[in-house]
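Asker: Below: one structure in structure tokens.
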Amino acid sequence: QGTRVGFYAATCPRAESIVRSTVQAHFKSDPTVAPGLLRMHFHDCFVQGCDASVLIDGANAEKTATPNLSLRGFEVIDDAKAQLEATCPGVVSCADILALAARDSVVLANGPTWQVPTGRKDGRVSLASDAGNLPSFTDSIDEQKQKFAAKGLNAQDLVTLLGGHTIGTSQCQFFSYRLYNFTTSGNADPAINSAFLPQLQALCPQNGDGTKRVGLDTGSSNRFDTSFFTNLRGGRGVLESDQKLWTDASTQTFVQRFLGLRGLLGLSFSVEFGRSMVKMSNIDVKTGTNGEIRKLCSAIN
Ligand code: HEM
Ligand SMILES: [Ca+2]
Ligand SMILES: [Ca+2]
């Protein structure tokens, strides 16, 4: 069995609207939950499939793995779950709440909408040691492609989904090594635009606060648009892995297509993002008896 759109239509008709209004309410007081939830869904799907394993609390749980330490928005999922348990107890999975919340977050950032197939079950395993297959910001394009291919996602999905970096921020610690002593001759990463370099250096001074956050899409980090790809073309990518999408010919083609630089081969980022998200949110989905509906998203039943 797979997922399907409207899985809760009969069993919890208000499920999707409850998630939406909860995300909206949190977004109003803290807009950073939108990028936070989108990234959280990605980190969930890449480890044990989209099964809410990333939400489990525990000493050796996924949450404690390095790439997950800066995830944000757990309180939004807990809040939605509490309301859903009050309305339709034991029906809506945490994995579905997270998939829906990621979509709603994109919409709140003025991005496209799409229908999210639901019916995921929640997993019972969450181990920090499983988080090793998450992509790293130093990965080459070949490594990024391999990690996505292992989840059934192709090069176009890779470029499209990395377009998720059109919203949100990164801590300085994940890219400041590019600004100082990147090359053996002690220079910055030559892929960085020379006018952009001093801007980034001012935001992240050498030996400064590594946890300070800087927009991943300079000038447009709150808006879900194609500006991220324009920035890559201009050498204004913040993460090394993002900038490589332009440096590498095989992925540059897709960036160009999103920017309408290839005439009839143009691609709509809005349309493709929804499509690739549906693919990503179906990775290794647990359905039927292969999982549970958690009562609390932070703990297995
Ligand atoms: C090669 C793949 C990827 C790498 C190496 C990567 C790496 C990163 C890093 C290092 C950050 C900064 C985290 C922080 O400072 O808290 C980040 C943030 C983010 N990532 Fe990715 N990412 C990848 C793919 C994706 C995908 C596929 C999505 C979603 C579809 C995504 C969505 C986000 C969002 C929205 C943020 C901002 C989070 C926030 O503001 O809290 N990323 N990513
Ligand atoms: Ca998972
Ligand atoms: Ca943007």
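Each reported figure results from applying straightforward, stated rules to the coordinates on display, with no laboratory input. All figures in this text were calculated on a predicted structure; none of them were measured in a lab. Reconstructed Cβ throughout: ideal geometry from the backbone, glycine too, with neighbour counts over all protein chains shown.
Asker: When only Cα pairs under 8 Å and 6 or more residues apart are kept, what is the percent relative contact order across the stretch 22-64?
Answerer: Values: 23 pairs, mean separation 7.8, N = 43.
In percent, rounded to a whole number, it is 18.
Asker: Now a separate question. So what is the 222 nm mean residue ellipticity for the chain from helices alone, if each DSSP H run of at least 4 adds -39500 (n - 2.57) and you divide by all residues, rounding to the nearest 500 deg cm²/dmol? Don't skip to the answer; put the middle values down first.
Answerer: Numbers: 11 runs with 119 residues, N = 301.
-12000 deg cm²/dmol, from helical runs alone.
Asker: Between Thr184 and Arg4, what is the FRET efficiency for a Förster distance of 51 Å, r being their Cβ-Cβ separation, to the nearest 0.05?
Answerer: Working: r = 54 Å, r/R0 = 1.06.
Calculated value: 0.40.
Asker: I've got another one for you. Using +1 on the beta carbon of Lys and Arg, -1 on that of Asp and Glu, and nothing else charged, what's the dipole of the stretch 176-234 about the Cα centre, debye to 20?
Answerer: Working: 5 positive and 4 negative charges, 8 e Å.
Here the stretch 176-234 has a charge dipole of around 40 debye.
Asker: Then there is this: Across the stretch 1-79, how large is the tail of the calculated P(r) beyond 22 Å, expressed as a percent of all Cα pairs? Don't jump to the answer; show the numbers that get you there.
Answerer: Details: 1015 of 3081 pairs.
Cα-Cα pairs in the stretch 1-79 separated by more than 22 Å: 33 percent.
Asker: Another question about this same structure. Starting from the Cα-Cα distance between Ala249 and Arg262, subtract it from 0.36 nm times their residue separation and give me the gain in nm to one decimal.
Answerer: On the way: separation 13, 0.36 × 13 = 4.68 nm, distance 1.39 nm.
Value of the extension gain: 3.3 nm.
Asker: Sort Arg124, Arg4 by Cβ crowding within 10 Å, fewest neighbours at the top. Before the final figure, lay out the partial values.
Answerer: Details: Arg124 16, Arg4 12.
Arranged by neighbour count, lowest to highest, Arg124, Arg4 become Arg4, Arg124.
Asker: Sorting check: for 242-252, 228-238, which peptide has the highest mean count of neighbouring beta carbons within 10 Å, and how do the rest follow?
Answerer: Going by the mean number of other Cβ atoms within 10 Å, highest first, we get 228-238, 242-252.
Asker: Identify the residues of the stretch 51-95 with backbone N under 18 Å of a label point that sits 7 angstrom from the Cα of Ser29 along the Cα-to-Cβ direction, or state none.
Answerer: Only 72-84 pass the distance filter.
Asker: If you don't mind, there's one more thing I want to ask. Which of Lys28/Lys151; Lys244/Lys279; Lys244/Lys286; Lys28/Lys145 have a Cα-Cα distance over 31 Å? Before the final figure, lay out each step's value.
Answerer: Details: Lys28/Lys151 34 Å; Lys244/Lys279 23 Å; Lys244/Lys286 34 Å; Lys28/Lys145 36 Å.
Lys28/Lys151; Lys244/Lys286; Lys28/Lys145, as the Cα separations exceed 31 Å there.
Asker: Residue-wise, which Karplus ³J(HN,Hα) couplings in Hz belong to the stretch 162-173, taking 6.51 cos²θ - 1.76 cosθ + 1.60, θ = phi - 60°, and x for glycine or proline?
Answerer: Residue by residue, the stretch 162-173 yields 5, x, x, 6, 5, 10, x, 9, 10, 5, 3, 4 Hz.
Asker: Stokes-Einstein D for the chain at 37 °C, 0.692 mPa s, Kirkwood Rh over Cα pairs, in µm²/s?
Answerer: Details: Rh = 19.7 Å.
In µm²/s, the coefficient rounds to 167.
Asker: Follow-up. Looking at the stretch 141-276 from every direction and averaging, what is the projected area of its Cα convex hull in nm²?
Answerer: Numbers: hull surface 34.4 nm².
So the Cα hull casts an average projection of 8.6 nm².
Asker: Can you give the relative contact order of the stretch 15-134 as a percent, counting alpha carbon pairs under 8 Å and 6+ residues apart?
Answerer: Numbers: 169 pairs, mean separation 46.2, N = 120.
The normalised contact order for the stretch 15-134 reaches 38 percent.
Asker: Run the numbers on the chain and let me know its relative contact order in percent, using alpha-carbon pairs under 8 Å that are six or more apart. Before the final figure, lay out the partial values.
Answerer: Numbers: 511 pairs, mean separation 80.7, N = 301.
It rounds to 27 percent for the chain.
Asker: Please report, in debye to the nearest 20, how large the charge dipole of the chain is about its Cα centre when each Lys and Arg carries +1 at its beta carbon and each Asp and Glu carries -1 there. Walk me through the numbers on the way to the answer.
Answerer: Details: 29 positive and 28 negative charges, 103 e Å.
It works out to roughly 500 debye.
Asker: What number in nm² do you get for the stretch 15-134 if you take the convex hull of its Cα atoms and divide its surface by four?
Answerer: Values: hull surface 28.0 nm².
So the mean shadow area of the Cα hull is 7.0 nm².
Asker: For Thr289 and Ala202 in one chain, what is 0.36 nm times their gap in residues minus the Cα-Cα distance, to one decimal in nm?
Answerer: Values: separation 87, 0.36 × 87 = 31.32 nm, distance 5.34 nm.
Gain in length upon complete extension: 26.0 nm.
Asker: Could you give P(r) for the stretch 152-223, binned at 10 Å from zero, as whole percent values over all Cα-Cα pairs?
Answerer: Values per bin, smallest distances first: 18, 42, 30, 9.
Asker: Let me ask you something else. List the residues, sorted by chain then number, that are 5 or more residues from Thr118 or on another chain and whose placed amide H is less than 5 Å from its amide H.
Answerer: Arg4, Val5, Gly6, Phe7
Asker: Which of Ala34, Gly119, Leu55 sits closest to the plus end of the dipole of the stretch 15-134, meaning its Cα is farthest towards the positive end, when Lys and Arg get +1 and Asp and Glu get -1 on the C-beta?
Answerer: It is Ala34.
Asker: I would also like to ask the following. What FRET efficiency comes out for the pair Thr11/Gln173, r = Cβ-Cβ distance, R0 = 51 Å, nearest 0.05?
Answerer: On the way: r = 44 Å, r/R0 = 0.87.
Given R0 = 51 Å and the Cβ-Cβ separation, E is 0.70.
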